Amino acid sequence: MIALVEGAVRQKTPNELALTVTLAGLTLAFLLVTGSLWPIGKYFGIMLPVPTLVALLVCLIPTTIGALLSAIGLAGMDRALSANVLAKSGKAVELAGDIDTLLIDKTGTITIGNRQATDYFPLPGISIERLATVAMKASFGDQTPEGKSIITLAEKTFGIKASEQNDGKVVPFSAQSRMSGIDLNDGQSLRKGASDSLMHYIAKLGGDIPEALPGLVDDVARKGMTPIVVADGNELLGVVALSDILKPGISDRLARLRAMGLRVVMVTGDNPLTAAAIAAQAGVDDYIAEARPEDKLAYIRKEQQSGRLLAMMGDGTNDAPALAQADIGVAMNSGTQAAKEAGNMVDLDSDPTKLLEIIEIGKQLLMTRGALTTFSIANDVAKYFAIIPAMFVLAIPGLAVLNIMHLATPESAILSSLIFNAIIIPLLIPVALKGVKYRPMGADAMLRKNLLIYGAGGVIVPFIGIKLIDMLIAFTGLV
């Protein structure tokens, strides 16, 4: 029953959800009261007064969860805002709790992102100084930290002075070409970039691909470093290694996500060997290497066709299609306008690891909703057993065994239930606003906990509360 309710309403906003549950409960209660109790009473010669039927109808409507669902949704949005995450809708926060696959960039998210050139690996017959000089010149127009570090390494290692003048045409890096460089005025063409892109480029120019290059690239990549291949014209010179390190604590945070049952996929432009080394260190489930914008989009669509819900983050214009396609797209506040408009959340701190907090907030919201839904259903079941036997016990002696609460009169039973209803909702509002404490656990463990605490509690609390109110009413002689 709980699974059916949760499955039927999981895609609704808090207000839609509250309306759905309340209307469903109202219909069920109406059918029970008018379609069952009134004919049964008439059969046994008991004419139930209309005010009694109306009071009973009001009592059996699931007002508890109907009143609390909106508060749960608003509290979730407020917690997201407290974490400096601007959600464009309450549904986005709720959906974050259902995410089962998470796409995260390697650079700046899993690693610190400030990759630095640390070593040279020239090909046989190429001097290390020539490799350093060409790599430095190819980086003159590269304003990224990686490009600047290549220039700095050449200056520190060999004392080579970088030219302050741009005496050529800069070839900028792009996600499609995956290389950059400069065309000097003397006709010299220098390039640096991913190994496959450089080999394809050299092959088009009619140059030779040294047999030692693939092994050299693989050796660098297996160490978790990014190999940048350098070319002078149609001649390949060797590899510059860029080193990056994992962010402190990222492995523990990824382990927390996996404990929630999430599948974590790392997205990187690095070659497969470097990606595999970093993925092993970080502890992710899978990785996408040499990823272009269209690769991200294709991967998201493929996973969604398999029934998965995906979340991803991005900050660039080329991330916009994937952000729009993902079920949860988180754009960085420092990113482009296109990325912000494509995503359904904006991280005001531009902290890529914030997605972990968003998912925890969404899961806490779902846990709170599930817990209070379980309590509400159990609460209504308890009221059926409290009220109905008390209504017919005088005319049908056999039902006396079902009046386990020994309520004084039918009127007292209904009045006690109405008063209990009016008391329990304000008492549960703080729970709805604060949320059930989140702990990473599987769906089975979560269901067992809900049934044990909120299911059993939803049955026991009304029995105790209604009985105490009934005793007070009988003592005061109100009915």
* Just give me the residues in the stretch 96-130 being in contact with a Leu (Cβ under 9 Å, 6 or more places away or on another chain) and in a helix (DSSP H, G or I), in sequence order. => 96, 130
* **the stretch 71-82, residues that are buried (at least 18 other Cβ atoms within 10 Å of the Cβ) and either touching a residue at least 24 places away in the same chain (Cβ under 8 Å) or not aliphatic (A, V, I, L, M) (or both)** => 71, 72, 73, 75, 76, 79, 80
* Answer yes or no as to whether residue 456 is at pLDDT 80 or above and either of a type outside the set (Ser, Thr, Tyr) or out of contact with any Lys or Arg (no Cβ under 6 Å at 6 or more places or on another chain) (or both). => yes
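Quick test for you: out of 155, 146, 129, 164, pick the one residue that is charged (D, E, K, R) and modelled with pLDDT under 80. Let's see the steps before the verdict.
Details: 155 fails: modelled with pLDDT under 80; 146 fails: modelled with pLDDT under 80; 129 fails: modelled with pLDDT under 80.
Exactly one of 155, 146, 129, 164 is charged (D, E, K, R) and modelled with pLDDT under 80, namely 164.
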* How about the stretch 85-95: which of its residues are open to solvent by less than 60 Å² (accessible area, probe 1.4 Å), modelled with pLDDT of 80 or more and not in a helix (DSSP H, G or I)? -> 85, 87
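Hand me the list of helices (runs of 4 or more DSSP H) wholly inside the stretch 407-479 holding 2 or more residues that are of a type in the set (Lys, Arg) and within 30 Å of residue 359 (Cα to Cα). Don't jump to the end; show me each part of the working.
On the way: elements: 410-434, 443-449, 456-476.
The qualifying helices (runs of 4 or more DSSP H) are 443-449.
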* **Filter pass, residue 218 being in contact with a helix residue (DSSP H, G or I) (Cβ under 6 Å, 6 or more places away or on another chain), open to solvent by 20 Å² or more (accessible area, probe 1.4 Å) and in contact (Cβ under 8 Å) with a residue 24 or more places away in the chain** => yes
* Those residues that are in contact with a strand residue (DSSP E or B) (Cβ under 9 Å, 6 or more places away or on another chain), under 18 Å from residue 175 (Cα atoms) and assigned to a helix (DSSP H, G or I), I need them from the stretch 294-323; list them, please. => 295, 296, 299, 319, 320, 322, 323
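Could you pull out every one of the strands (runs of 3 or more DSSP E) wholly within the stretch 202-290 that has 1 or more residues that are hydroxyl-bearing (Ser, Thr, Tyr)? Break it down into steps so the answer makes sense when it comes.
Details: elements: 226-232, 235-243, 263-267, 286-288.
Counting at least 1 such residues, we get 226-232, 235-243, 286-288.
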* Any idea how many residues of the stretch 189-209 are open to solvent by 50 Å² or more (accessible area, probe 1.4 Å) and touching a residue at least 40 places away in the same chain (Cβ under 8 Å)? -> 1
* Structure fact -> Restricted to the stretch 221-245 and to residues being closer than 30 Å to residue 110 by Cα and polar (S, T, N, Q), the residue surrounded by the fewest Cβ atoms within 10 Å (Cβ to Cβ) is 243
* To do: Scan the stretch 251-269 and report the pairs whose first residue is open to solvent by less than 50 Å² (accessible area, probe 1.4 Å) and whose second residue is of a type in the set (Phe, Trp, Tyr), with Cβ atoms within less than 8 Å and a gap of 6+ or a chain change.
  => 265/287; 265/299; 266/287; 267/287; 268/287
* To do: Give the residue that is farthest from residue 341 (Cα to Cα), with candidates limited to residues of the stretch 106-125 that are touching a residue at least 40 places away in the same chain (Cβ under 8 Å) and open to solvent by 50 Å² or more (accessible area, probe 1.4 Å).
  => 124
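The values are calculated or read from the model by the stated rules, or taken from the named source; none is laboratory data. Note that the structure is predicted; figures quoted are calculated from it, not measured. All Cβ positions, glycine included, derive from the backbone under ideal geometry; neighbour counts span all protein chains shown. SASA here: full protein model, heavy atoms, side chains in, ligands and nucleic acids out. Shrake-Rupley method; radii C 1.70, N 1.55, O 1.52, S 1.80 Å.
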